[in-house]
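The values are calculated or read from the model by the stated rules, or taken from the named source; none is laboratory data. All of these numbers come straight from a predicted model, not from anything done at the bench. Every residue, glycine as well, gets a Cβ built from its backbone with ideal geometry; the counts of neighbours run over all protein chains shown. Each accessible area value is taken on the protein alone, full model and side chains, heavy atoms only, with ligands, DNA and RNA left out. Shrake-Rupley method; radii C 1.70, N 1.55, O 1.52, S 1.80 Å.
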Amino acid sequence: MSISHAPPVSEEPDISPVSVYDLDLQPLVPTSSRRTRVPRWLRRTTGPVLLLALWQLLSGTGALPPDVLASPGRIARVAADMLADGSLPAAMGTSLQRVAGGLLLGLAVGTGLALVAGLFRIGEDLVDAPVQMLRTVPFVGLIPLFIIWFGIGEAPKVAIITLGVTFPLYLNVYAGIRGVDAQLIEAGESLGLSRWGLVRHVVLPGALPNAMTGLRYSLGIAWLALVFAEQVNADSGIGFLMVQARDFLRTDVIVVCLVVYAFLGLLADFIVRSLEKVLLQWRPTFTGR
């Protein structure tokens, strides 16, 4: 008679459920968040403040003579005097009128030519080649012709700004129209959109980012063209103040005018960037880290 032995029963470890609250969990923090964050406005102002401090130091020690470049303190006092007597606000108003007139004309001409060349092949054949040839001619070199054609009044100044604004806007709007995805056009046609519907709902929104970029370029060139335009027998405006200051070797007044040019250019760029945020909300973009 055989005796069978039962296999030994292995003792199972007592595994009790562990609650999530019993674990020592550490939150994951991105590496970029662990660094001490410096406010962005402070980072953006550090460079200009250091430059002004160095400038004032060189002027105070005599390394930078006042007849070469006035000190920041002197420039600030001169700017306050020009604001008090009204000469600077009046000059700014005149210059803004010239830029506004040239910018509006340039927007109309540049955008109109880009639409004709971008939407129609025959328009491209007729418009693009002449525009490409004209844009290689420096607009400053056309000042003598503008003086002969339009005289020495306001017309040549506005024409110079218009010419400088037209070409960047044309190139960017034209590239934006021709850069629209062909599959979007086919999708619009399959949905029954007419030609005008395609232009309105597909082509123009697709070209809008390039158009806004062209507008920013055009604004920058508009202020550059204004500097040259106001050297042409001007009797008012910021350029006129600079010409007078040059004749009397007033570097402080010249720097004040340059700062005004820069401030107005930054203000115009800020307006366009704000407009981009409103008009291009549908397009997510990378904003840096």
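For Gln281 and Leu249 in the same chain, what is the full-extension length gain: residue separation times 0.36 nm, less their Cα-Cα distance, in nm?
Between Gln281 and Leu249, full extension yields 6.6 nm more.
Where nothing but the Cβ of Lys and Arg (+1) and of Asp and Glu (-1) is charged, how large is the charge dipole of segment 69-280 around its Cα centre, in debye to the nearest 20?
Roughly 180 debye for segment 69-280.
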- Could you tell me what percent of the accessible area of the chain is made up of carbon and sulfur, with a 1.4 Å probe and every protein chain present? 66 percent
- Task: Calculate the spin-label point distance for Asp235 paired with Phe270, positioning each point 7 Å from the Cα along the beta-carbon direction, and give it in nanometres.
- Result: 3.5 nm
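Relative contact order of segment 69-280: what whole-number percent is it, with Cα pairs under 8 angstrom and at least 6 residues apart?
Values: 231 pairs, mean separation 60.1, N = 212.
Reported relative contact order: 28 percent.
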- Message: Could you work out how much longer the chain between Trp196 and Gln97 gets when fully extended? Use 0.36 nm per residue separation minus the Cα distance between them, nm to one decimal.
- Response: 32.1 nm
- Query: Using a ≥ b ≥ c from the Cα gyration tensor of the chain (square roots of the eigenvalues), is it rounded, prolate or oblate, where a/c under 1.5 gives rounded and otherwise the larger of a/b and b/c decides, a/b for prolate?
  - Reply: oblate
- Charge dipole of segment 131-289 about the Cα centre (unit charges at C-beta), most positive-ward option of Ile147, Thr162, Gly197: Gly197
- Item | Using θ = phi - 60° and Karplus 6.51 cos²θ - 1.76 cosθ + 1.60, couplings along segment 212-223 (whole Hz; Gly, Pro as x) | 5, 4, x, 5, 5, 4, 5, 5, x, 6, 4, 5
- Item | Angle between the chain longest axis and helix 251-279 axis [Cα atoms, degrees, rounded to 10] | 40 degrees
- Note on the structure: Quick calc, Val49 & Asp181: beta-carbon distance into FRET formula, R0 41 Å, rounding 0.05, result 0.35
- Accessible area per residue, Å², the chain with all protein chains present, probe 1.4 Å: 67 Å²
